[in-house]
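Any read-out appearing in this document is the output of simple, stated calculations on the displayed coordinates, not a laboratory observation. Keep in mind it's a predicted model, so treat the numbers as computed, not measured. Every residue, glycine as well, gets a Cβ built from its backbone with ideal geometry; the counts of neighbours run over all protein chains shown.
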Amino acid sequence: MKKIYVPLIALFLLTFILTSVSYSQIKYTKPEPRNIWGFGFSYSERGFGPNASLYVPIGKTTDVFFNVLFSNVTDSRETERTDPFGNTFVINKINRVFMMPLSIGLRKELFTDDIEGEFVPIFNVGISPTLIFLNPYDRDFFSALGYTTTQFALGGFTGLGVSFRQSKNMSLNFNLSYYYISTLGDPVQSLNGSDINNVGGLQLGFAINFMN
């Protein structure tokens with residue numbers, strides 16, 4: 001009897017193992033690539049500059065992201081002139097203004113179950129604590145670095161965009177967002193007597209995201 005039970009037990013164990021392996025292979029699906037980090041360039045009605053992003057996936061189609069942008073800030077009333085020696089200057093300008101917003105938000109991919117292919121619509125929303133730099137215009141940029149002062153601003157943003165997946169490791173992203181970033185404390189001035197209360201505005205962004 002023992003000689004009969006041993007092969008039966010072995011056959012049962014082999015069948016169980018093979019069935020388990022086959023079942024796990026059927027049930028397992030490799031997760032879709034998710035954003036890890038990216039870099040790009042942003043242009044707004046106030047200025048333009050480079051940016052970099054870090055993503056933390058919290059769901060199949062949702063990321064928490066952190067984006068740092070460094071950009072100049074201009075006043076819409078700035079007027080550039082050229083002197084007799086060919087040097088350009090801006091009338092009544094007292095400061096070169098730059099900003100560095102840290103955008104913290106949620107990025108949601110839309111209609112992923114309805115749209116096939118590599119085109120993915122995106123919605124994003126968040127807050128943007130911002131550091132503002134004021135560089136005196138009556139000095140050369142580098143010589144004025146020691147006289148640069150800082151101020152703070154705070155606001156939020158929302159926007160829509162699209163992502164084009166070029167491969168499993170990279171995607172191209174375009175976003176149109178609106179930022180409202182209100183200055184805090186003393187008025188921010190690029191032109192003498194002209195306060196800038198909102199350093200945000202419409203912003204068009206382009207980025208290359210790396211995925212994993």
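Of the chymotrypsin sites (Phe, Trp or Tyr not before Pro) in the stretch 67-147, the ones in a loop by DSSP (not H, G, I, E or B) with at most 14 other beta carbons within 10 Å are Phe85, Phe111, Phe141, Phe142. Placing unit charges on the Cβ atoms of the charged side chains and taking the dipole of the stretch 86-158 about its Cα centre, the candidate lying farthest along the positive direction among Asn92, Val120, Phe152 is Asn92.
Kindly put Asp63, Asp138 in sequence by how many other C-beta atoms sit within 10 Å of each C-beta, fewest to most. Kindly include the intermediate steps, with their values, before the conclusion.
On the way: Asp63 22, Asp138 9.
Fewest to most other Cβ atoms nearby, the residues stand as Asp138, Asp63.
Overall size of the stretch 29-150 from C-alpha positions, given as principal axis extents largest first: 69, 27, 20 Å. Relative to one another, the C-alpha centroids of the stretch 166-212 and the stretch 83-112 are positioned 8 Å apart.
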